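Contents: one structure, followed by commentary.
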Amino acid sequence: MVRRPAPKGGDRPATIRDVAQHAGVSVATVSRILSGSYPSAPATRSKVLRAVRELDYVANPHARGLAGVQPKNVAIVVNSVASPHYAHVAQGVQEQAAKAGRVCLVGTTGGDAEQELALVRLMRERHAEALILVGNVVVDDAYRERMTSYARSLALVGCHLVLCGRPSLGPDVPAIVVEYDNTSGAFGMANHLIDAGHRRVLFLGRRAGYSTPESRIEGYRAALKAHGLPLEPELEVDGTMEREEGHRMMSERLAAGPRDFTAVMAANDEIAAGARQALLERGLRIPEDVSLTGFDDLPPAADIGLTTVHVQHKELGRTAVRLALESDAPGTPQHFLLGTRLVVRDTVAAPSRNVPRRARAAAD
C-alpha cells in the first residue's frame, strides 16, 4: 500500500473515518475490528491496524462515553518498580486513584526513552485521564522536544500529562509538574554536617546532566559557599544511584590513598548503604571515624540508623493524581513543590581526631 499523508488540519487528531479511508474499508469495519467483535480476514485486519499506526489514531474518549464506556484510568510510568523510590511514588498514585474511583495502570521503562514513548502511546489508547511520568532524566534538548510532543498529543485526547519529580518544560507546554525540593533538602543536610564541624565532606553520586543528582549537588555546593568553604571537585565522586555503586565509589576512594574527608554525603540512601558497607570493611567506624548521610528516607535508612532527608514519596504520587483530575478547575496549580525535612539519627558526629593530616587541618 502507498502510504497516504496524515490527515490535514494542523493538530487535528485522526478520526475513525480517516482510518477507514486510509485502509480502504468501511467505518463499520474499522469499528468492529478495533472493538474485537469482528471476525475479519487477516489481510483486512492487518490493513486497519497498519492505518491506525500510520495515522497515530486514538479512539475518541468522548464518543466512547456516549456509548456508556467512561474512561476511568490513571497511568504511571516509572523506570523500575524494584526501586523503593519508584515503588513508594506508585503506591501513592494507586491510593489516590482508588480514592477517586479510578484504576491505576503501571508501566516500566528501564530508563529507555523508546520504551517510554511506547508506553505513552499505549496509555493514551487506554484513555487514561492522567499520565504520570516519574523519575530522574537527562535534561537536554531531545528530552524537552519529546516531552513537549507527549504533552500536546495527550492534551488533544483529554489526557493530562504530569511530570513527577521532573523539571518543568515551560509555561506554554500543557503539563503539570509535581516535584520535591531536592536543592533545599541537600543544603540542609550539608549545613548539618558543617555545623557538626566537618569541613571536607565527600559527595557520592554526582551525575552530570541528570536532574535529581544535579539538584542535590547544587544544594551541597550552596552550603559550602554559604560557610565560606572552597568547592573542591576532588570531593565530588561520579556514580549512579544504586547500592552497588555506593560500595564501588567508596571502596575505590579508600583504596586510592590516605583518607582526605571526615564525612560522606550520599545522593540517596542506597548509595549511603553501599558506602557504609565499604567503610565497615575497611575497619572504619560510623560515626566515630566517618560521618555518613543519605537522602530519601527509604529502606534501609531507618534500619541502619542513617541520618537522611525525608522525601514525601507517597504524597508526591497522591498530589500528581489529585492535580491531574482537578486540572480543569479554576486555580488548580500547574507546578507544585513539596518540601523535605532533615531526619537526624545515629550516623553524624563531630570529626574524629584520628584522621589523616589534610582532613584534620581542614576541620581545624
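Quick look at the values:
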quantity	calculated
Count of region 129-138 residues which are buried (at least 16 other Cβ atoms within 10 Å of the Cβ) and modelled with pLDDT under 90	3
Unique residue being outside any helix (DSSP H, G or I), modelled with pLDDT of 90 or more and either surrounded by fewer than 23 Cβ atoms within 10 Å (Cβ to Cβ) or not assigned by TED's automatic domain parsing to the domain that holds L122 (or both) when the list is L224, L161, L193, L204	L204
Test: residue in region 9-19 that is at pLDDT below 75, assigned to a helix (DSSP H, G or I) and of a type outside the set (S, T, N, Q)	no
Subset of region 108-128 [at pLDDT 85 or above and either crowded, with 18+ Cβ neighbours inside 10 Å or of a type in the set (S, T, Y) (or both)]	T108, T109, E116, L119, V120, M123, A128
Residue check for L279: crowded, with 18+ Cβ neighbours inside 10 Å, not β-branched (V, I, T) and not in a helix (DSSP H, G or I)	no
Tabulated pairs, region 284-295, first in the same structural domain as M189 (by TED's automatic domain parsing), second of a type in the set (D, E) and assigned to a loop (DSSP other than H, G, I, E, B), C-beta under 8 angstrom, 6+ apart or interchain	P287/D346
Check on G101, out of contact with any helix residue (DSSP H, G or I) (no Cβ under 7 Å at 6 or more places or on another chain), modelled with pLDDT of 90 or more and assigned to a loop (DSSP other than H, G, I, E, B)	yes
Per-region count, region 174-188, residues outside any helix (DSSP H, G or I), touching a Gly at 6+ places or on another chain (Cβ under 9 Å) and not aliphatic (A, V, I, L, M)	3
Among (1) buried (at least 21 other Cβ atoms within 10 Å of the Cβ); (2) more than 30 Å from R102 (Cα to Cα) - the single one A324 does not satisfy	(2)
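The values are calculated or read from the model by the stated rules, or taken from the named source; none is laboratory data. Note that the structure is a prediction, hence the values are computed from the model and not measured. Glycine also receives a Cβ, built like all others from the backbone with ideal geometry; neighbour counts cover every protein chain displayed.
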